[in-house]
């Protein structure tokens, strides 16, 4: 039964994505909505990304210092390990898990509310492909601008680590700065950016799918938001394993 | 004119529409009435193409929409305006934005022309001055009027209204009824109203069909309702003492030759 439901949902999701990726009825309206979605989904997420990244960068640095007690390990390892954690996992996977909560639930509740208040029916009656009209700008906006959030996250996290070295004496700022520049592998940045593109697609499309297929009222919209966040999170973790295996082998 | 021929629609093992045939005329307010669960909403959804009947024909001026491709249906939809029960206005757009929306999507008008047309429609529904307000800032009755303005923006040939009076006070309901009736006559639109409101039935019903348990039980005008001896119709329309008294009064008047 569970397998049947999963396959059924996957089939409906594929058909939904097929409808989403058709040619927009009017390109000018698509670009207007695209810009609006960039502001709503990306620009409005920047404060959250900055706050979280600053603190996580600082916490990572403190924990690295606490875990590196051996006199045989050089102190710059604190900066180096912090950088690797941030580049490899935090700036893409963990950030996207956080965004699945913020952006995903926002998309599901917006589209779900439009469904239960018949706004989507109104679009369909007018002869507009509602899936394409509502969802395509969201997916394209989030996928094309997620790298901006990832880069902001990387920079702010490393700066958070630097701030904590200034505010405390766990390691000198110079040593930390030396550590974050040591043995730098540029591919890790590309790896994080590429992963984030996949995660952004999952977040925006899964959230839209759950919102678009809401039936009932406000309670169902809330449930759909929860389901969207849970499903996106699981898919992000699953994709993380697969992509890491492919790209870092 | 929209003509429905022997439409049957089932959901799993339950047949909701059992072979309905009816005509809805140009320039007239056509009403679909019936108890909850009688199948009238399903009929309207079939009429606008949101559902497809299992069998039968739905002819828009002779064009059968049940046999149309999605592309052909898209063209028909440009001729349709619809007023939803909950108005279905776009929350993120102002009153003016809502009315301009179909124009932006389907017309080649310049921005100035679209604005002019939107202002005309807003004026037509007596909402001057509300252009810049958002749906959440106006009353339910005003939202209905904005929805009517949006529905007529593209000069539709067919206007569908799903319970236009639900949730409105009697005075506002009458205003909405009068507005729909005026627009129908003014532009010669085929207006189809799905309603429970007995004031609408007796006030603006020029062509009424009564659906009972998925069958077309009765058809006539608002005047015919008073003299009909159809038990199901009488039980439905004259359910309250107020309407029973109104019927007695009307029949007495008719007897007296007035």
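Taken together, the values in this text are just the output of simple stated rules run on the coordinates, not laboratory data. Owing to the predicted nature of the structure, the values given are computational and were not obtained by experimental measurement. With ideal geometry, Cβ positions are generated from the backbone for all residues, glycine too; neighbour counts draw on all protein chains shown.
Computed from Cα positions, the angle between helix A:46-67 and the longest principal axis of chain A comes to roughly 40 degrees.
Taking neighbour counts of Cβ atoms within 10 Å as a proxy for exposure, in what order, fewest first, do A:96, A:14, A:60 appear?
Least to most surrounded, the residues fall as A:14, A:60, A:96.
The Cα center of the range A:1-80 and the Cα center of the range B:77-140 differ in position by 36 Å. Dividing the summed helix terms, -39500 (n - 2.57) for each DSSP H run of n ≥ 4, by the number of residues in chain A produces a 222 nm estimate of -25500 deg cm²/dmol to the nearest 500.
Got a sec? How would A:148, B:7 order by Cβ neighbour count within 10 Å, fewest to most?
Ascending number of Cβ neighbours within 10 Å: A:148, B:7.
Highest GNM mean-square fluctuation among B:145, B:63, B:219, for chain B modelled with Cα contacts below 10 Å: B:63. Remark: C-alpha extents of the protein assembly as shown on the principal axes read 113, 53, 44 Å, sorted largest to smallest. Considering only beta bridges that DSSP places wholly inside the range B:95-219, some 45 percent are antiparallel.
Computed from the alpha carbon positions, the gyration tensor of chain A leads to an equivalent ellipsoid with semi-axes of 40, 18, 16 Å, biggest first.
Run lengths n ≥ 4 of DSSP H only: what is the helix-derived mean residue ellipticity at 222 nm for chain B, with -39500 (n - 2.57) per run over all residues, to the nearest 500?
About -13000 deg cm²/dmol.
Result for chain B in a Gaussian network model with C-alpha springs under 10 Å: among B:23, B:244, B:231, the largest mean-square fluctuation is at B:231. With all pairs of different C-alpha atoms in the average, the Kirkwood value for the hydrodynamic radius of chain B is 19.2 Å.
In the elastic network of chain A, a GNM with C-alpha springs shorter than 10 Å, the most mobile of A:110, A:37, A:174 is A:174. Between 0 and 90 degrees, the angle of helix A:27-37 with respect to the longest Cα principal axis of chain A falls at about 40 degrees. With neighbour counts taken as other beta-carbon atoms within 10 Å, the residues B:195, A:244, A:6, A:108 rank, fewest first, as A:6, A:244, B:195, A:108.
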